[in-house]
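Below is one structure; the comments refer to it alone.
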Amino acid sequence: MVLSDLQEQKSLSKTFKIMGKKLESQLKLQESQIIFLREKLDESSKENRLLEKRLNQSGQLFVLDNLHLSSLNPSHFITILGQTVKSVGSFVRLMIDEMKSADWDIDTAASSIERGVVYRKEDDKWFAFESFICMEMFKAFHRPYFSLFGKSIPEGKKHPQVFFDRFMELNSLKCKEYLAMKPKSTFAKFCRHKYLQVIHPKMESSFFNNLSSRDMMSSYQFPNTTFFALFAEMTKRVWLLHCLAFAFQPGASIFQISKGCRFSEVYMESVDEEAFLSPDITPESEP
């Protein structure tokens, strides 16, 4: 009887030791997971701070409370244009970050936009995406309201004062506030139209594993995400620039340089100054 009890105690002791080692192993695994999650949290926090910084940099333009249509001059347009370009750049950087996170082949994506381009540096592929976004965002810029309403626009809505008032109204508010306040406004319609035009369903699905943003906008709602916030800010800049262009009389015009044209410092900006220092580059070559 005593021998049986001893054997039973030894068996239990052995079982407890095995359980103890198993619990120690699980504890070490959980500790390593906690360390990993803390590192991921730190990375996410840094990324969020960076995104917030980008959003703030492309945020509300300088206040123009005292600006009147009669005092409007080209310097105002140039300033708004500069802010628009910066806003486009902020969104493009975020879009490329999302592509990398979703394991996109950046080379293939850049080549699908413009085939046959030889990039001097790896980072220069950024310009292909910037070009694509600009082409899409500025499409129909020269037509009132980007032709959202076709040709059926009353003459009264084409008056410079109307466009100027629209500019002042939107410029005085943050984009998120304006969309929440006027979800069926002309600007909200433009924002929705451009998102559906620029952000392909496959892109949205690969970035976020769903199409909830598209679904929300079809119900006159707008996503509360950093990605959409930067997209909406970019859209706001383009819309403000459009309204300002049509506030001039005659209205400001837009033009596009054909591929292969001679470089001009008056109308163009070099994306890589070093390219023009190379002996292999001629004035007619692509920068």
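Ordering Cys134, Cys243 by the number of other Cβ atoms within 10 Å of each residue's own Cβ, fewest first, gives Cys134, Cys243. Amide H to amide H, with H built 1.01 Å from N, Glu114 comes under 5 Å of no residue 5 or more places away or on another chain. Shown is the FRET efficiency for Lys121 and Asn209, computed with R0 = 22 Å from the Cβ-Cβ distance and rounded to the nearest 0.05: 0.10. Rounded to whole Å, the principal axis extents of the Cα atoms in segment 92-246 read 48, 32, 27, largest first. Holding the Cα-Cα limit at 24 Å, pick out from Lys139/Lys184; Lys236/Lys259; Lys28/Lys100; Lys100/Lys202; Lys158/Lys189 the pairs that are longer than that. Violating the 24 Å limit, Cα to Cα: Lys236/Lys259; Lys28/Lys100.
Please report the net charge: other residues with Cβ closer than 12 Å to the Cβ of Lys125, K and R +1, D and E -1.
Local net charge: -4.
Values quoted throughout were computed directly from the atomic coordinates according to the rules given, and no laboratory measurement underlies them. Here the structure is a predicted model, which is why all the values come from computation and not from measurement. All Cβ positions, even for glycine, are placed from backbone atoms using ideal geometry, and neighbour counts span all protein chains on display.
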